[in-house]
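The values are calculated or read from the model by the stated rules, or taken from the named source; none is laboratory data. Just so we're clear, the structure is a prediction, and the values are computed from it rather than from any experiment. Don't worry about glycine lacking a Cβ; one is built from the backbone with ideal geometry, like all the others, and counts go over all protein chains shown.
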């Protein structure tokens, strides 16, 4: 129903700096500084991703530089101690790497980052060959979408689909990514569905849904003159007399 969602291929960086297994510690630090990145993928001779070296993998060398930790710390941080003595990318990298495919949606990439607790993901093909890098900031680019563009998709893909015959026209306004819906619809049971679908539109920050049902008709007191009894018929009212003709 919605327009085609953006994928990782739409936002990823295709020019990628990668390390090979035997890249030495100082060259890794230099590469990170030169390219202003906090992590670099490690690849084999066929450019398949083997792992990732991040700043967190490098820090133990400085942390434990002045001496060995106590026995408790050694037991608790065996991996960090191993990296403190590492010299090459192969020994430093975290493996296997958390990766993502280019055709994954931005939501799927965001979930992978959250589960892996990483800031950047290598983008690979079906054979694990490196194709690019996607970062947190890349995933947030969708929120730069123009408000009017968002409003147009909400009108065409959500409102027109769910409410083709509203009681009164539904107004869609968007400001800073926040969508507001106002108007009256015939079936209020699908209003929560509308809010959920609008929230799923790319670039939407939040939804203010104020859709109402049809206006209620006041119940007339049957004792009032001119009131129509239940059923709407006037057959119980006395017929007009000749004197009133």
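How do the pairs read when you match residues in region 186-205 that are more than 11 Å from residue 162 (Cα to Cα) with residues anywhere that are at pLDDT below 95 and part of a helix (DSSP H, G or I), using Cβ under 7 Å and keeping only pairs 6 or more apart or on different chains?
Final answer for the pair search is 202/142; 203/142; 203/143; 205/143.
Run down 46, 22 and say which single residue is in contact with a helix residue (DSSP H, G or I) (Cβ under 9 Å, 6 or more places away or on another chain), at pLDDT 95 or above, part of a loop (DSSP other than H, G, I, E, B) and assigned by TED's automatic domain parsing to the domain that holds residue 133.
None of the other options fit; the residue is 22.
Of everything in region 149-189, what is at positive phi and either outside the structural domain of residue 200 (by TED's automatic domain parsing) or exposed (fewer than 14 other Cβ atoms within 10 Å of the Cβ) (or both)? Give them in sequence order.
Within region 149-189, 176 is the sole residue that qualifies.
From the residues in region 110-148 that are assigned to a helix (DSSP H, G or I) and touching a strand residue (DSSP E or B) at 6+ places or on another chain (Cβ under 9 Å), which one is surrounded by the fewest Cβ atoms within 10 Å (Cβ to Cβ)?
148
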